[in-house]
1. Residues in region 202-243, backbone N under 19 Å from the label point at residue 171 (7 Å along the Cα-to-beta-carbon vector): list them, ranges by number please.
2. With r as the distance between the Cβ atoms of residue 62 and residue 132 and R0 = 22 Å, compute the FRET efficiency 1/(1 + (r/R0)^6) and round to 0.05.
3. Between residue 55 and residue 140, what length comes free when the chain is fully extended (0.36 nm per residue of separation minus the Cα-Cα distance, one decimal in nm)?
4. So if I take the centroid of the Cα atoms in region 61-96 and the same for region 192-209, what is the distance between those two points in Å?
5. Using a basic spin-label model with each label point 7 Å from the Cα along Cα→Cβ, how many nm lie between residue 74 and residue 249?
6. Please give the per residue volume of the convex hull enclosing the alpha carbon atoms of region 117-222, rounded to a whole number of Å³.
7. Just to be sure I understand the curve: with the Debye formula and one point per C-alpha of region 160-258, what is log10 I(q)/I(0) at q = 0.13, 0.14, 0.16 Å⁻¹?
8. Could I have the simple spin-label model distance between residue 230 and residue 19, label points 7 Å from Cα toward Cβ, reported in nm to one decimal?
C-alpha cells in the first residue's frame, strides 16, 4: 500500500513539471536556459515595478493551464485558463480590495456569453454580450451610483436597433436607431433639462431631410436640409431671441447665395471734378469684443459731378452688424477709429446712406 502511495506521489510530481523563474523563447516555443527540450512546468515572474508575481503554466513549450498574477500584498489580480488552441473558460481581473473587476468566458479562443466589468464598490459598470467572439446582443453601461449610462444592441458585430445615452440623473441625452451598423431614422439629442437640443434623420448612415438645433430655452437655433449626407437647400441660423442671424442656400454642400439687400450709398462732394476712389465696405459684429472687421466688398468708383450713388449687396437680417465705409482700403485696420478717413456707421440696411465728402476726404454720413 505504501509503495502504491509513493509511486502515485512521484507520478504527480513528474506531471506537474518544474517551477522556474527564467525561460527563453525560440520560434514561439519556451525552453529552460541551455535546454533543447520544450519546457513543461510553471514559470514564475516577479515584477519589480508593482511587486506582483505572475505564474504561467507551460506544456511542451506552450502556455497551457491556469495563469495568475498577484498584487504585492498577495491578493489575486488576474487569472485565466489556456488550453491548446486558445483560451478556454473564465478570465478574471480583481480590484486591489479583492472585489471582482472583470470577467469573461472564452470558448475556442473567442469571447462567448456575457462579459462584465465592475466598479471598486461592486456596482456593475459594463455588461457586454458576445457570440463566437463577436458582439452579439445587449450592451449596458452604468454610472457608479447604479444609474444607466448607455444601452445598445449588436448583431453579428454591428449595432442594431435603438441606442440610448443618459445623463447621471437618468435624463435621456441621446437616442438613435441603427440598422446593420448604420444610423437609420430619427436621431435626437437632449439638454440636461430635458429640452430637445438636436434632431436629424438618417438614411443608410447619411443625413437625410431636415435637421434642427435648439437653444436650451427651446428657441430654434439652426434649421437646414440634407440630401444623401450633404447640406442642401436653405440653411438658417437664429439668435436666442428668434431673430434671423443669417440665411444661405446650399447645393451639393456648397453655398450658392446668401439672402441680401441692396445698400445704396450716396456720395455728395463739395466739388464737381471727376476723380476715382476705392470704397470698401466692412462689417463688424458688436457682440464679439476685439474682433476685427470683415471685408464685405470693395469697389473702385469714378465720381462724376457732385452726387454719385454706389450700391452694395449686404446680408439680410443682420441687425447686430455695424458697417464701416473705408475710402482707402486697409487690410489690417482695427475697429476703434475716431479719425483717419473711417467712420463707424450703425445703418439700417433698408434705407439709403449718404456720405458727404470734402475734397477727397470722408467728412460726414447722413442717413
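Computed from the coordinates by the stated procedures, all read-outs in this text should not be read as laboratory data. Quantities reported herein were computed from a predicted structural model and do not represent experimental measurements. So basically every Cβ, Gly included, is an ideal-geometry build from the backbone, and we count neighbours across all protein chains shown.
1. Of the residues in region 202-243, 213-221 have backbone N under 19 Å from the label point off residue 171.
2. Numbers: r = 24 Å, r/R0 = 1.07.
After rounding, the FRET efficiency stands at 0.40.
3. Values: separation 85, 0.36 × 85 = 30.60 nm, distance 3.31 nm.
Using 0.36 nm per residue and subtracting the Cα-Cα distance, I get 27.3 nm.
4. After rounding, the separation between the Cα centres reads 45 Å.
5. 8.2 nm
6. 88 Å³
7. The computed values of log10 I(q)/I(0) come out as -0.52, -0.60, -0.75.
8. 7.0 nm
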